[in-house]
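The values are calculated or read from the model by the stated rules, or taken from the named source; none is laboratory data. Nothing here was measured: the structure is a model prediction, and the numbers come from that model. Glycine also receives a Cβ, built like all others from the backbone with ideal geometry; neighbour counts cover every protein chain displayed.
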Amino acid sequence: MTRLLAFFYLILTFYLNFGFLTLSPISAIDSRVMDTPDAVEKRLEELEELFLTLNTKEEKRAAFHAFEQREAEFQGCGCVEWVTGFPNNFVPPDYKKNKDKNDTAVAAFMEKHDLTDEESKAYLFKDMKDPPSLSRLPCAYHDVGAGIFCSGLGMFTCSECRLVRYCSKKCQKQHWKRHRINCQDRMRAKTWKPRREIERGTPSFLEQKPAGRTVMLWGSTPAIDILKVSDDPITSQSIKTRNLSLAFIASGDLRNVIKTVNALPSDYTGNLSILLNDNNSFVVARNFLMLTWLGIMDNVDEAAEFAVHYWYSVMLQSQHCIHASLTLTRNKIFKEGFVGQNFPLTQTSTISTNFDKDDASHTVSLIRADMLFTTVDIRSANNAWAAVMNGPDRVDYREQLYGSMKPSHRVAMQRWRRFGIVQPLGAPDANFSLTNSSLLIPYSDMGDLFIDDTASPLQGWDLSEVVKAGKEHGTTEEDIMGCLFFYVKDQLLEFSKRLRRFHIAITMYDQDAATLPASLPPHLRRFDRIEVSNVMDEKYLGIDKVLQSWGPLLDRSRDDSALIGSFASWSVDCRRGSASDDSELSSECARKLSEMKPNLFSPLDFVGGPQNATTRHLASLSAVDLAYDNSVAFKKYLKNVGAETAARRAGLRMRVENKVVPPRPGVKIGSKWSALPEILADEDWDTKFSFTRFAPRGYDPIHSERFVEWVVDHGR
């Protein structure tokens, strides 16, 4: 609590004195440092004497508020520098030591005089300015050191890189000195090649494991709508008033929930029940906090923007964090605990939690207690991000990924890997001054990431939709992370509005998916859709256990009730399951791929050993399954694991033709099982496949995933 209050103090002195976009010149920053603890304590003693003459709490609040404003003048730009980050990660030797002592002294003073309650904090933060919202691409001209931020919109695109836009030629000219770093980056050259290819070295990443920890905080396949309301007028009309019950039994992140809710008719008036479960308690905690913010924060635009960064960025905006913290600590659920009650998210939607694991509720409490994200300081967070996303021993892996991209996409992705912030490339990031503790392992001296270096926010969404949304908000296709920011924010904003308009009841669990049905209450035992993710893979629960546990919970009174499962690792243990693991199939499919896209691949790319392997050759190795019909092998796999018998025992049957999700990623819903992803146009390749991660040996092959739907067998 002391550290949290101390950070309130630090942020407060910054905002009350300097405002949002009023940073001092670099020369001024370099000449000022954090005040000494002795000086701060002396001024606190003077304030103590003043408090002896005051009678009411309101008077003390006002006096402390004035003290904070004066203190900002004493601290000077040292506070600004600590909040926004030091140039080149340089921190003066005594800065953090003095800062910690100052924070402790101020926090102790606030506690002594009972200035830590919500009413006092609200008063102390009353002058805080709201950050500007990004609803359109801003002009890229800004100079953080000089305190210059153009308020215009991006209208004119840089013709060289197409990564940024300006409101005028004047701004473009003034910004050129800074922009040329990205615009003339060597990776934008058409002749650019990975260093390994130039040096004719063996690709080391083929045998490497990913750097970092492999906690699945971000989805690795595009989001799916598990309802898929028919375009038929009669069907779509009936769904508008129908009560629906959905279960996501191994949810991972929220992308499928958001995609499904947002796909409902805008005038939906039925009651929507959502069961949300995952046995990773930290995933559950993140999902709970995001849902709560999207429901209870008054400013839905701010809530959506904050949720984007909480989901995908390693750094967060200070003002958003403070607003979110104050809102959460006032919320009823944090005062009464997580014991199954329904708590209001909005006037029409509720959330309840049923956490059986001590570590899950502890994780929520931990994040709640540190809502200003100070468990890992900025320097440690940056070091942790760099160690995982930019480790020197993984340069071959990164450059292999870049080699499959367009020149400007390489620069955009490299920038994301450097800074870890999902937003338009031309938008200022000086106000990203707090670390995202949900991506960082807390209380680690050096900081550490939960995710590994194969993780990418782009993997969880349909990139053709991402690019379309980005263009609608004024950005360009080349600024792919800017496109993603606007797309995800749109999705979260719409979801937040629907929480306020629809009648939605969300129930959260953190249990093993196989045992959860036994503990469900009667009102959560009939579902229109059950999405089981990839727990049907044999290395997890397997088909039989999932169907026996969840099959009986499909609503048998409705013909369209369905259980939807995905298979990611099935091909590892199945002969000819993946072309990339079979030399004969790989050669055949590589030839087909080069015939389909002669401008992307050449027969010469596939000649020679590892030392002669070109970037395009290695890209083809991860892409050969795009040209491989694995449906025959998959059917054999299903037979070998007893899928038909398991379905019969559960009173289900497998659909011959999917009606809700495609049989494999990249094909259309309703396609035959033998359908292949379309890559006829260059845009298909760029938006669907060029950002795909490269799977190291021993990991689930890329492009082999399959989706299967089971429905109630009414013929039994």
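Below, the figures for the structure above:
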quantity: Test result for Ser586, surrounded by 21 or more Cβ atoms within 10 Å (Cβ to Cβ) and outside any loop (DSSP other than H, G, I, E, B); calculated: no
quantity: Residue in segment 191-205 that is crowded, with 21+ Cβ neighbours inside 10 Å and within 27 Å of the chain's Cα centre (by Cα) present; calculated: yes
quantity: Matching strands (runs of 3 or more DSSP E) fully within segment 487-573 where at least 2 residues are touching a residue at least 60 places away in the same chain (Cβ under 8 Å), closer than 20 Å to Arg653 by Cβ and within 27 Å of the chain's Cα centre (by Cα); calculated: 529-531, 562-567
quantity: Flag for Lys497 being surrounded by fewer than 23 Cβ atoms within 10 Å (Cβ to Cβ), charged (D, E, K, R) and within 26 Å of Met315 (Cα to Cα); calculated: yes
quantity: Residues of segment 151-171 classified as surrounded by fewer than 21 Cβ atoms within 10 Å (Cβ to Cβ) and in contact with a helix residue (DSSP H, G or I) (Cβ under 8 Å, 6 or more places away or on another chain), total; calculated: 4
quantity: Matching residues in segment 385-438 - criterion: being small (Gly, Ala, Ser), closer than 24 Å to Trp192 by Cβ and part of a helix (DSSP H, G or I); calculated: Ala386, Gly403, Ser408, Ala412
quantity: Leu463 hydrophobic (A, V, I, L, M, F, W, C) and at pLDDT 95 or above; calculated: no
quantity: Exclusive hit being modelled with pLDDT under 90 and within 27 Å of Ser561 (Cα to Cα), set Asp253, Asp225, Asp267, Asp231; calculated: Asp231
quantity: Those residues of segment 689-716 which are at pLDDT below 65 and either under 25 Å from Thr454 (Cβ atoms) or touching a Pro at 6+ places or on another chain (Cβ under 9 Å) (or both), in sequence order; calculated: Arg693, Phe694, Ala695, Pro696, Arg697, Gly698, Tyr699, Asp700, Pro701
quantity: The listed residue being surrounded by fewer than 20 Cβ atoms within 10 Å (Cβ to Cβ), at pLDDT 75 or above and part of a helix (DSSP H, G or I), out of Val624, Val656, Val632; calculated: Val632
quantity: Cys574, sole failed condition from (1) at pLDDT below 95; (2) over 20 Å from Pro222 (Cα atoms); (3) touching a Pro at 6+ places or on another chain (Cβ under 7 Å); calculated: (3)
quantity: Condition met for Ala381 (within 22 Å of the chain's Cα centre (by Cα), over 25 Å from Phe495 (Cβ atoms) and at pLDDT 70 or above); calculated: yes
quantity: Residues satisfying the stated conditions in segment 417-440, i.e. under 16 Å from the mean Cα position of the chain (by Cα) and not aromatic (Phe, Trp, Tyr); calculated: Arg417, Gly420, Ile421, Val422, Gln423, Pro424, Thr435, Asn436, Ser437, Ser438, Leu439, Leu440
quantity: Hey, Pro138 at pLDDT below 80, closer than 19 Å to Gln317 by Cβ and in contact with a Leu (Cβ under 9 Å, 6 or more places away or on another chain) or not; calculated: no
